[in-house]
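Student: Just passing along the structure, written as structure tokens.
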Amino acid sequence: MLGIIGGTGLTQLENLKITRRQIARTPYGEASQPLVFGELAGKDVVFLARHGGGHTIPPHAVNYRANIWALHAAGVKNLLAIATTGAIANDINPGDVVLPHQIIDYTYGRKNTYHDGIDLPVKHIDFTEPYSANLRQLCKQAASNIQQALHDGGVYASVQGPRLETAAEINRYEHDGATLVGMTGMPEAVLARELNLHYAALCPVANHAAGRGTSAHGIQYEELSTKLELTLQKVRILIEEVVRIYQVGKSY
């Protein structure tokens with residue numbers, strides 16, 4: 001089954017024909033909201049809003065372990081996450097959608113493994129390629145089918161939040177090789193890998209990062225909200241096409 005995690009601004013899938021909701025209790029606590037099961041583009045999917053249905057859970061307080069465990073327990077094998085970002089690189093702009101291929105983790109204090117030697121034995125997983133190549137290819141094919149622009153590749157800087165970054169921090173991330181910045185990419189990606197889920201992220205770009213472009217002297221929240229909603233409309237269309245061409249039973 002394909003799982004979809006909705007990020008900032010995407011607390012529901014408009015065209016999802018909901019069949020049931022299931023409270024998700026796990027060994028790691030409750031997920032952000034009940035799992036929403038339904039049919040989209042003729043396929044069964046399960047949806048989870050990362051920040052809760054009312055977007056009340058900040059990035060650093062999301063129970064990532066419970067969320068990923070709940071989706072895994074529900075039968076999800078392939079997981080597509082939507083993660084709103086800011087643009088660092090010059091060739092990425094608000095309104096774009098990016099399909100990252102790498103990630104750098106700047107978060108701290110988050111429970112970022114199941115294998116902590118307490119619940120499960122210590123295990124060192126390979127994380128050279130943090131995103132599923134095949135699931136990324138599915139996203140690229142979907143974008144091509146509907147002739148939607150998609151940035152193929154990007155380095156996601158996952159930061160702590162909930163505050164936005166300083167211009168100096170963005171300079172640092174750029175120096176490290178990051179091309180976009182967000183707050184929820186980790187530990188979500190690594191937890192999915194620990195449970196052998198095929199995971200990829202679609203990143204709508206809401207704004208230029210601090211010190212860049214239209215955010216050179218500060219981030220304008222009114223403009224950010226407007227641009228994000230327009231971008232999410234593109235993401236919703238893209239998700240539906242991903243689901244339409246998704247092959248049930250295939251491991252991506």
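The values are calculated or read from the model by the stated rules, or taken from the named source; none is laboratory data. A quick note: this is a predicted structure, and the numbers were derived from the prediction, not measured. Neighbour counts are summed over all protein chains in view; Cβ atoms, including those assigned to glycine, are modelled from backbone coordinates with ideal geometry.
Student: Could you figure out which of (1) modelled with pLDDT under 95; (2) more than 20 Å from Gly6 (Cα to Cα); (3) not hydroxyl-bearing (Ser, Thr, Tyr) isn't true of Gly53?
Tutor: It is condition (2) that Gly53 fails.
Student: Is it the case that some residue within the range 218-237 is within 17 Å of the chain's Cα centre (by Cα), of a type outside the set (Asp, Glu) and over 30 Å from Thr166 (Cα atoms)?
Tutor: First, pick out the residues of the range 218-237 that are within 17 Å of the chain's Cα centre (by Cα): 228-229, 231-237.
If we keep only those that are of a type outside the set (Asp, Glu) too, we end up with 228, 231-237.
From what's left, over 30 Å from Thr166 (Cα atoms): 236-237.
Yes, the conditions are met somewhere in the range 218-237.
Student: Residues to consider are Glu39, Glu129; find the one that is acidic (Asp, Glu), surrounded by fewer than 20 Cβ atoms within 10 Å (Cβ to Cβ) and touching a His at 6+ places or on another chain (Cβ under 8 Å). Give the derivation first.
Tutor: Numbers: Glu39 fails: touching a His at 6+ places or on another chain (Cβ under 8 Å).
On inspection, the qualifying residue turns out to be Glu129.
Student: Here is a follow-up. Residue under question is Ile4, and the condition is that it be among the β-branched types (Val, Ile, Thr) and closer than 15 Å to Glu188 by Cβ; does it hold? I'd like the intermediate steps shown before the answer.
Tutor: Values: among the β-branched types (Val, Ile, Thr): yes; closer than 15 Å to Glu188 by Cβ: yes.
It is true that Ile4 is among the β-branched types (Val, Ile, Thr) and closer than 15 Å to Glu188 by Cβ.
Student: Something else about it: If only one of Glu194, Glu165 is of a type in the set (Asp, Glu) and either within 15 Å of the chain's Cα centre (by Cα) or farther than 26 Å from Ala73 by Cβ (or both), which one is it? If you could, list the steps in order and put the result at the bottom.
Tutor: Numbers: Glu194 fails: either within 15 Å of the chain's Cα centre (by Cα) or farther than 26 Å from Ala73 by Cβ (or both).
From the options Glu194, Glu165, the qualifying one is Glu165.
Student: Which residue pairs have Cβ atoms under 6 Å apart, sit 6 or more places apart or on different chains, and have a first residue in the range 172-184 that is farther than 15 Å from Gln160 by Cβ and a second that is assigned to a loop (DSSP other than H, G, I, E, B) and of a type outside the set (Ser, Thr, Tyr)?
Tutor: Taking only residues 6 or more apart or on different chains, the pairs are Glu174/Ile88; Thr179/Ile88; Thr179/Ala89; Thr179/Gly154; Leu180/Ile88; Leu180/Gly154.
Student: Now a separate question. With the condition kept exactly as written, say whether any residue in the range 230-241 is within 26 Å of Asn112 (Cα to Cα), surrounded by fewer than 23 Cβ atoms within 10 Å (Cβ to Cβ) and among the β-branched types (Val, Ile, Thr).
Tutor: Going residue by residue through the range 230-241, those that are within 26 Å of Asn112 (Cα to Cα) are none.
Within the range 230-241, not a single residue is within 26 Å of Asn112 (Cα to Cα), surrounded by fewer than 23 Cβ atoms within 10 Å (Cβ to Cβ) and among the β-branched types (Val, Ile, Thr).
Student: So which helices (runs of 4 or more DSSP H) are wholly in the range 120-217 and hold at least 2 residues that are at pLDDT 95 or above and more than 22 Å from Ala81 (Cβ to Cβ)? Walk me through it before giving the result.
Tutor: On the way: elements: 133-145, 167-176, 188-194.
Result: 167-176.
Student: Within the bounds of the range 25-42, is there any residue that is farther than 29 Å from Thr166 by Cα and hydroxyl-bearing (Ser, Thr, Tyr)?
Tutor: Yes, the range 25-42 has at least one match.
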